[in-house]
Amino acid sequence: MVISYYLYKYPYKLFWRLMKFFNRNPQAVIYCAEPVDYITLKPVLKYLPALPVVVKKRKTKEYLKNKGIEYKCMPSFPEAVIMSRHAAHKFPEEKIVKIGFRHGAYHFKAFAGAQYYNMFDVFFVTGTNELDLAEKHGITTAKAIGFPKLDPAFDKAYNDEILKIFINKANIDYKKGTVIFTATWDKSGMSAIDKWIEIIHTLTERYNILVTVHPWTSKKYIEKLREIEDLYFINEPDVLPYLMIADVLVGDTSSIIAEFCALDKPIIVFKTSPTKRTVDKITCLLEDIAYRIDDASQLDEAIEYSLKNPKEKSTQRQKANRIMFDVLDGKAGKRAAEVILEMLPQLLRCNLE
């Protein structure tokens with residue numbers, strides 16, 4: 001932990017205990033660091049009583065406000081907190097019940113230190129395979145329930161009528177194939193955005209091009225993408241409906257690849273140099289489920305091949321889905337909510353009242 005954590009920790013604990021003494025603590029809250037956190041938790045929250053949402057960043061406040069979702073600002077001193085990332089250090093009181101979720105599917109990057117996960121009472125992971133790997137990493141709080149963020153694709157929440165809204169929004173031409181590009185954070189050393197950013201404009205005449213990138217992506221790339229005509233830059237935290245209307249995904253090491261694999265559609269992946277967060281098993285998995293290319297000169301051929309042979313790697317993708325998610329049944333959020341209700345019956349009953 002950084003020094004600032006310890007400077008913050010003890011005043012926080014003192015204030016939390018004072019509020020506890022005067023019975024002023026909120027019973028349970030949702031902490032949203034980024035808009036995507038709320039998107040990830042929505043399939044869980046629909047099975048829980050209404051809970052206060054606490055935020056810190058301005059863009060998250062603006063997102064929730066635009067959606068008509070009420071929120072409160074940090075700091076918050078609850079008796080329990082639910083979040084979609086390993087940020088338990090934001091609530092540094094051991095008596096607070098802490099429940100965590102992944103905001104990205106599976107562990108496409110190496111696990112962070114086990115201590116970040118073990119600060120939680122429970123941290124939900126996407127499947128029993130990931131649970132085994134987490135335990136080998138020294139994580140003692142993991143519990144496998146699936147990936148709630150994908151539920152709308154399998155419980156028919158995103159039906160044809162809803163998807164048509166996104167098709168129109170992206171100005172999709174039905175005569176063309178639809179290709180979605182994604183990239184992880186460019187400063188991670190694991191991104192391939194530099195391999196396609198200069199040529200993507202040449203593809204817009206032949207394909208419907210959608211682009212989503214990591215929220216921390218450098219401004220220079222964001223600005224360049226926004227300037228390209230006939231390209232739809234996804235400026236929304238909920239990417240799932242765009243994945244559902246796309247025919248092919250082009251990526252690198254972004255966990256969105258796992259979400260697209262769950263939809264059983266062709267994937268093209270740029271090879272990137274290994275880093276300390278590279279996971280060898282993920283590299284092998286990508287070899288199985290995706291067409292891997294070195295540079296942009298191979299991209300056009302790979303897209304055309306993928307569009308003509310969409311089922312070629314379906315068997316490998318289905319196998320990978322069983323490894324990453326156990327089962328894709330649209331009920332991951334319900335399973336997580338059942339665990340939470342069992343953990344916090346009295347606190348959530350207070351919220352209901």
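For region 88-102, name all the residues that are in contact with a Phe, Trp or Tyr (Cβ under 8 Å, 6 or more places away or on another chain), surrounded by fewer than 21 Cβ atoms within 10 Å (Cβ to Cβ) and under 16 Å from A336 (Cβ atoms).
Selection gives R102 alone.
Looking at (1) assigned to a loop (DSSP other than H, G, I, E, B); (2) within 19 Å of the chain's Cα centre (by Cα), can you tell me which one I323 breaks?
Of everything listed in (1) assigned to a loop (DSSP other than H, G, I, E, B); (2) within 19 Å of the chain's Cα centre (by Cα), I323 misses just condition (1).
Counting only residues that are farther than 18 Å from S84 by Cβ, give me the strands (runs of 3 or more DSSP E) lying completely in region 103-186 with at least 2 of them.
Hits in region 103-186: 177-183.
Of a type in the set (A, V, I, L, M, F, W, C) and in contact with a His (Cβ under 6 Å, 6 or more places away or on another chain): is that true of W185 in this structure? Quick ask: steps written out before the conclusion?
Working: of a type in the set (A, V, I, L, M, F, W, C): yes; in contact with a His (Cβ under 6 Å, 6 or more places away or on another chain): yes.
Here the answer is yes, as W185 does meet what is asked.
If a residue must be touching a Gly at 6+ places or on another chain (Cβ under 6 Å) and within 26 Å of K149 (Cβ to Cβ), how many such residues does region 257-312 contain?
Quick first cut of region 257-312, residues touching a Gly at 6+ places or on another chain (Cβ under 6 Å) only: 257, 269, 275, 307.
In the following step, the residues that additionally are within 26 Å of K149 (Cβ to Cβ) were identified as 257, 269, 275.
Residues in region 257-312 being touching a Gly at 6+ places or on another chain (Cβ under 6 Å) and within 26 Å of K149 (Cβ to Cβ): 3 in total.
Which residue is surrounded by the most Cβ atoms within 10 Å (Cβ to Cβ), if the candidates are limited to region 203-231 and must be among the polar types (S, T, N, Q) and closer than 15 Å to G177 by Cβ?
So the first thing to find is which residues in region 203-231 are among the polar types (S, T, N, Q), and the list is 204, 208, 212, 217-218.
Cutting the leftovers down to closer than 15 Å to G177 by Cβ gives us 204, 208.
Numbers: T204: 16, N208: 24.
That would be N208.
Could you tell me whether K220 is outside any loop (DSSP other than H, G, I, E, B), more than 23 Å from K164 (Cβ to Cβ) and touching a Phe, Trp or Tyr at 6+ places or on another chain (Cβ under 8 Å)?
Criteria not met by K220.
The rows are residues; the columns are (1) of a type outside the set (K, R); (2) under 18 Å from I39 (Cβ atoms).
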{"position": "L133", "(1), (2)": "yes, no"}
{"position": "K169", "(1), (2)": "no, yes"}
{"position": "D173", "(1), (2)": "yes, no"}
{"position": "T182", "(1), (2)": "yes, yes"}
{"position": "I193", "(1), (2)": "yes, no"}
{"position": "W196", "(1), (2)": "yes, no"}
{"position": "K219", "(1), (2)": "no, no"}
{"position": "R226", "(1), (2)": "no, no"}
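For K98, all conditions in the list (1) in a strand (DSSP E or B); (2) out of contact with any helix residue (DSSP H, G or I) (no Cβ under 6 Å at 6 or more places or on another chain) hold save one; what is the number of the exception?
Answer for K98: the failing condition is (2).
Residue check, L225 against (1) outside any loop (DSSP other than H, G, I, E, B); (2) free of Cβ contacts under 8 Å to residues at least 12 places away in the same chain, all met but one. Which one?
(2)
Determine which single condition V97 fails, assuming it passes every other condition in (1) in the same structural domain as H214 (by TED's automatic domain parsing); (2) in contact with an Asp or Glu (Cβ under 7 Å, 6 or more places away or on another chain).
Unmet condition: (1).
Please give the strands (runs of 3 or more DSSP E) falling wholly within region 248-298 in which 2 or more residues are surrounded by fewer than 23 Cβ atoms within 10 Å (Cβ to Cβ), modelled with pLDDT of 90 or more and under 21 Å from the mean Cα position of the chain (by Cα). Let's see the steps before the verdict.
Values: elements: 248-251, 267-270, 291-293.
The strands (runs of 3 or more DSSP E) meeting that bar are 267-270.
Yes or no: E342 surrounded by fewer than 14 Cβ atoms within 10 Å (Cβ to Cβ), at pLDDT 95 or above and either more than 24 Å from I282 (Cα to Cα) or out of contact with any Leu (no Cβ under 8 Å at 6 or more places or on another chain) (or both)?
no
Can you tell me which residue in region 299-320 is nearest to L203 (Cα to Cα), limited to those that are in a helix (DSSP H, G or I) and polar (S, T, N, Q)? Talk me through it step by step, then tell me what you get.
Step one: filter region 299-320 for residues in a helix (DSSP H, G or I), giving 299-308, 314-320.
Filter once more, keeping what is polar (S, T, N, Q): 306, 314-316, 318.
Working: S306: 15, S314: 25, T315: 29, Q316: 28, Q318: 29 Å.
Going through the qualifying residues, I end up with S306.
Which of the helices (runs of 4 or more DSSP H) found entirely inside region 1-87 contain at least 1 residues meeting this: buried (at least 19 other Cβ atoms within 10 Å of the Cβ) and within 21 Å of the chain's Cα centre (by Cα)? Explain how you work it out, then say what you get.
On the way: elements: 3-21, 35-45, 58-66.
In region 1-87, 35-45, 58-66 are the helices (runs of 4 or more DSSP H) which contain 1 or more residues that are buried (at least 19 other Cβ atoms within 10 Å of the Cβ) and within 21 Å of the chain's Cα centre (by Cα).
Taking the condition of being of a type outside the set (S, T, Y) and surrounded by 14 or more Cβ atoms within 10 Å (Cβ to Cβ), how many residues in region 299-317 meet it? Give the steps one after another, and end with the answer.
Start the filter on region 299-317 by keeping residues that are of a type outside the set (S, T, Y), which leaves 299-304, 307-313, 316-317.
Among the residues that remain, those that are also surrounded by 14 or more Cβ atoms within 10 Å (Cβ to Cβ) are: 299-300, 302-304, 307, 310, 313, 316-317.
Number of matching residues: 10.
The values are calculated or read from the model by the stated rules, or taken from the named source; none is laboratory data. None of the values given here were measured: they were computed from a predicted structure. Cβ sites come from the backbone with ideal geometry, for glycine too, and all protein chains shown count toward neighbours.
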